[in-house]
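See structure below.
The values are calculated or read from the model by the stated rules, or taken from the named source; none is laboratory data. Keep in mind it's a predicted model, so treat the numbers as computed, not measured. Heads up, the Cβs are rebuilt from the backbone with ideal geometry, glycines too, and the neighbour counts pull from every protein chain shown.
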């Protein structure tokens with residue numbers, strides 16, 4: 001993600017969501033379930049799910065403070081998003097790709 005306007009928009013959306021309290025796990029769980037239901041009902045398609053995952057990734061990327069290992073972090077993040085919101089194209093690849101809390105901490109560069 002290199003477009004500065006895109007980053008600014010993602011930052012603005014992140015800040016707005018934070019201000020209204022939409023950073024909770026319950027909201028995220030509901031959102032994942034909503035996407036699954038809409039996909040199953042044929043209301044959204046795989047490209048829509050991919051755009052949703054791109055929007056989530058942009059928000060996480062613009063709020064990450066560490067820049068070391070950015071490419072590895074982004075690849076790991078996208079694998080995890082694919083596991084949470086699989087499409088028809090990648091559903092079989094991501095049975096347990098979310099990983100463990102320890103691998104996530106490592107990917108984020110957080111010490112225990």
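Take the conditions (1) in a helix (DSSP H, G or I); (2) at pLDDT below 85; (3) under 16 Å from the mean Cα position of the chain (by Cα); residue 12 misses just one of them, which is (3). On the stretch given as the stretch 56-71, residues that are surrounded by 12 or more Cβ atoms within 10 Å (Cβ to Cβ) and touching a residue at least 12 places away in the same chain (Cβ under 8 Å) total 10.
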